[in-house]
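Shown next, in structure tokens, is the structure this report addresses.
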């Protein structure tokens, strides 16, 4: 990867992009509404951010000056969002700001975890090591999310495809066959009558059903966007069979990985817990960790505070206590993160192995019912002619 970075490469970007690079949409000052809309939807992809951190870590470790390193990265093949972000970072660093302060301009890409770890690395003179830690952290997070997303997308696509075919049959195919089947006087099985009833409902109340579905989806989405709605969903997702266990393991990995990284860079323990809680991405774990902060402020160990929570498996406080008592908390947290990363891998593989036969069985039964309900009456009708 390092060979692909030409640190002596001349500036390729138009001067307007560098000078007028916006830090926020409000500061962009675009001349047209189309450009504003483009900027709003042009967001950096997670994979690009992983590559950005890795390249920056390699360049800084090679003793390339930070401004020069950012300039080199800016000239790589990134999306416009990343190019503008790096251009802003370069301008701020050139102006004398630390990299950690420059990161604060982009909270959508750099969480308090990254800002505080970089700040600690700058203070200790270990910026190159810190950037490598962050590159590893971002890469692990990306891979973990990719695995979980892949496990969830497969069954969702299959189910939506089956639902689409079912609706097509009910709206466009069955109405044509219904009149023929009824006029033939053939005795219809109950499954056929049920499908005819569903088809009549869709054709007679299709518009109403569509409106209700749209309103329901919008209502759920709007409620989810509220603070209370997000809290409710965060609790529900942890209780979903199978998927809930997978998500709990993912949150355990995130907790241990992020907290271990902060403690390794000598960020105070209470501040490390606060940052970790705020970036967990789930209100349940956020509240548990913030309550843990209060317990730690009273002099208790992290492991003792976490033992009370039903959302932390017993193995976490048990192993963590050993690390706290031996003075190797950050190393122990790294081991916990590695353990739960393997758990996520195993669960993902097992889920994919189980989902496929279950989906095949479900689709087979559903298809058999539809075929039997439609084809058999036609066959009987032809036999009576």
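FYI, it's all coordinate maths here, none of it is from the lab. Treat the numbers as computed from the prediction; the structure is a model and nothing was measured. Here Cβ is always computed from backbone atoms with ideal geometry, including for glycine, and neighbour counts include all displayed protein chains.
With N counted as the residues of the chain, its alpha-carbon radius of gyration over 2.2 N^0.38 Å works out to 1.32. If the segment from residue 287 to residue 242 were pulled out straight at 0.36 nm per residue, it would be longer than the present Cα-Cα gap by 13.9 nm.
Between residue 339 and residue 270, the simple spin-label model (points 7 angstrom out along Cα→Cβ) gives 2.9 nm. Where only DSSP H runs of four or more residues are counted, the chain gives -25500 deg cm²/dmol as its mean residue ellipticity at 222 nm, each run worth -39500 (n - 2.57).
Both the radius of gyration and Dmax for segment 206-281 are 18.1, 61 Å, in that order, over alpha-carbon atoms. Given R0 = 41 Å, the distance between the Cβ atoms of residue 325 and residue 77 translates into a calculated FRET efficiency of 0.25. Taking the number of Cβ atoms within 10 Å of each Cβ as an exposure proxy, the fewest-first ranking of 309, 303, 326, 266 is 326, 266, 309, 303. When each of the peptides 210-219, 170-179 is scored by the mean number of other C-beta atoms lying within 10 Å of its residues, the order from highest to lowest reads 170-179, 210-219.
What FRET efficiency would be calculated for the residue pair residue 308, residue 136, taking the C-beta separation as r and a Förster radius of 41 Å, to the nearest 0.05? The formula returns an efficiency of 0.85 here. An ellipsoid equivalent to segment 297-385, defined through the eigenvalues of its Cα gyration tensor, has semi-axes of 59, 14, 6 Å when rounded to whole angstrom and sorted largest first. Computed from the C-beta positions of residue 279 and residue 378, the FRET efficiency with R₀ = 35 Å rounds to 0.05.
Gain on full extension, evaluated as 0.36 nm per residue between residue 168 and residue 156 minus their Cα-Cα distance, stands at 2.5 nm. Axis angle, to the nearest 10 degrees, between helix 243-264 and the longest C-alpha principal axis of the chain: 10 degrees. Helix 315-326 and the longest principal axis of the Cα set of the chain meet at an angle near 10°.
In this label model, residue 149 and residue 218 are separated by 2.8 nm, measuring between points 7 Å along each Cα→Cβ vector.
In the chain, the longest principal axis of the Cα atoms and the axis of helix 329-383 are about 20 degrees apart. Each of 109, 224 has some number of other Cβ atoms within 10 Å of its Cβ, and from fewest to most they run 224, 109.
Calculated on the Cα set of segment 101-200, radius of gyration then Dmax: 28.9, 88 Å.
Compared with the alpha-carbon gap, the fully stretched path from residue 205 to residue 231 is longer by 5.9 nm at 0.36 nm per residue. The convex hull of the Cα atoms of segment 75-157, projected and averaged over all directions, covers 7.0 nm². If you bin the C-alpha pair distances of segment 155-217 every 10 Å from 0, what whole percents do you get? Histogram of Cα-Cα distances, whole percents per bin: 20, 43, 28, 9, 1.
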